[in-house]
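S.K.: My questions all concern the structure below.
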Amino acid sequence: MRVMKAIIISILLLSTVCSAEVYRSVDKEGNVVFSDTPSEHAEPVTIDVAPSYSPPTFEPLQTDVQTEKEPAIPVPAYQISITSPVQNQTFQNPESITVKVNIKPNLSAQRGDKLVFKLDGVSVTEPQTQPSAALQNIDRGSHIVLAQIVDKNGKVLKSSKSVLFHVQRHSILIHRN
């Protein structure tokens, strides 16, 4: 409650100070004196409020320049499937394995669409237009191959079903009798 009273009193005092009159007088030595107290030879002075600046408002600038965009070419309804290797195919000591895909319709050269081949989730080719890729030096074991159609920005447009294949290699262990 005391704080509230102090705030109210402060506001009242400030409002009286802000509305106080200013008087101008000249002393015996010829100096001009300004005061808030009236005296015998003082005259009231009107003080103009200092000008404040308000920036002008401007309408947004309309430009006739339009950015030229390439017309959007729709994405074809691609169908992609791996034709070789077949699911669960086993290779004995291969030097390379060729992965072949069937794509309908053909890749759109106008759009810049390309193929990427992945082995075990890792890209093994750069984007290309050829529907096949040779996989070299495949380790023994089971692997998954996948083909994807990507646009010129690398965005995947369509993926094939993954194909699981197996590689068997001769053992390097020597059998002793």
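S.K.: Based on the mean of other beta carbon atoms within 10 Å per residue, what is the order of 142-150, 74-82, most packed first?
M.R.: Top of the packing list down: 142-150, 74-82.
S.K.: Sticking with this structure for a sec: Three principal axis extents, largest first, for the C-alpha atoms of region 118-177, in Å?
M.R.: Each principal axis gives a Cα extent; for region 118-177 these are 60, 18, 16 Å.
S.K.: Still on this structure, please answer the following. Ranked highest first by the average count of other Cβ atoms within 10 Å around their residues, in what order do 28-41, 86-99, 110-123 fall?
M.R.: Numbers: 28-41: 8.9, 86-99: 12.9, 110-123: 16.0.
Highest to lowest by the protection proxy: 110-123, 86-99, 28-41.
Values in this text are rule-based calculations from the coordinates and carry no lab data. Please read these numbers as outputs of a predicted model, since none were measured by experiment. Please note: Cβ atoms are built from the backbone with ideal geometry, for glycine as well, and neighbour counts cover all protein chains shown.
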